[in-house]
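The values are calculated or read from the model by the stated rules, or taken from the named source; none is laboratory data. Here the structure is a predicted model, which is why all the values come from computation and not from measurement. All Cβ positions, even for glycine, are placed from backbone atoms using ideal geometry, and neighbour counts span all protein chains on display. Each accessible area value is taken on the protein alone, full model and side chains, heavy atoms only, with ligands, DNA and RNA left out. Shrake-Rupley method; radii C 1.70, N 1.55, O 1.52, S 1.80 Å.
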Amino acid sequence: MSVLAAYQSDLIQHAMEIGALKFGSFTLKSGRISPYFFNAALLSSGPILAALSAAYAATIVAAQASADTPFPIFDVLFGPAYKGIPFAATTALVLHTRHDVAVGLAYDRKEAKDHGEGGMMVGVPVAGKKVVVLDDVMTSGKAVRGAIDTVRSHGGDVVGVVQCLDREEVGQDGTGSTVQEIEGLVGKGRVQSILKMRDLISWLEKHGMDEELAAMKEYWTKYGLK
């Protein structure tokens, strides 16, 4: 059983209270029947954004201090439209106020603006900068690949990705994972997560939620990364 940091437990508790994290039976786009579901679109109140941004920032700082796979120092935090925009903005703020880490903020538009400053990108320029992309949950990885392509097309160097939840599942072919595929694009150890499926299992075990725990362990046996 993994030992959860306070910011991880706090995020799980807040996410469950607002229904962003649910345990039960849910059909995923992949067709798998999952015993849990995470809806990042519901992370939209002051208290939950405070918990989320504190967790993102703490994850980044801890990863940079790690002796095993040190996360790179970077210049810009990129939040993909639309959900990633408030996540990146509040995380950049927390990095500065709590950890004395100053980074720029950038995000994209779904459609190019043809007046004013125009273009697809908003915020600090990413050209020639080291950029970290924020994500919520990788499933196929399509969204984060699109974000990486966007940053690179504007001259930025994507040096890492930080996601809220790593489902730690094998792919549809039964081998590898989306995280491992994205690490192939940005570097080994450069995809970090606030929470992993094993953390949810630990939380359920600690709180005596035996029925949910049994379903999670069964799912892990079938689909979890070994």
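Within region 40-76, if we keep just the residues that are in contact with an Asp or Glu (Cβ under 9 Å, 6 or more places away or on another chain) and under 21 Å from Thr178 (Cβ atoms), the residue that is surrounded by the fewest Cβ atoms within 10 Å (Cβ to Cβ) turns out to be Ala41.
The residues of region 198-223 that are farther than 21 Å from Thr59 by Cβ, of a type outside the set (A, V, I, L, M, F, W, C) and touching a residue at least 40 places away in the same chain (Cβ under 8 Å), listed by number, are Glu205, Glu212, Glu218, Tyr219, Tyr223. Checked against the criteria, Gly160 does not count as part of a loop (DSSP other than H, G, I, E, B) and of a type outside the set (A, V, I, L, M, F, W, C). The residue pairs whose first member lies in region 183-197 and is assigned to a loop (DSSP other than H, G, I, E, B), whose second member is modelled with pLDDT of 95 or more, and whose beta carbons are closer than 8 Å, counting only pairs six or more residues apart or on different chains, are Gly187/Val159; Gly187/Gly160; Arg190/Val159; Arg190/Gly160; Arg190/Val161. Here Val122 meets each of (1) touching an Asp or Glu at 6+ places or on another chain (Cβ under 9 Å); (2) assigned to a strand (DSSP E or B); (3) surrounded by 21 or more Cβ atoms within 10 Å (Cβ to Cβ) with one exception, condition (3). Within region 146-170, the set of residues being open to solvent by less than 70 Å² (accessible area, probe 1.4 Å) and charged (D, E, K, R) comprises Asp166, Arg167, Glu168, Glu169.
For region 84-108, the set of residues classified as assigned to a loop (DSSP other than H, G, I, E, B) and surrounded by 18 or more Cβ atoms within 10 Å (Cβ to Cβ) consists of Val103 only. The set of residues from region 20-31 being open to solvent by 20 Å² or more (accessible area, probe 1.4 Å), of a type outside the set (Ser, Thr, Tyr) and outside any strand (DSSP E or B) comprises Leu28, Lys29, Gly31.
Number of residues in region 176-222 that are open to solvent by 30 Å² or more (accessible area, probe 1.4 Å), under 30 Å from Thr150 (Cβ atoms), touching a strand residue (DSSP E or B) at 6+ places or on another chain (Cβ under 7 Å) and not basic (Lys, Arg) equals 2.
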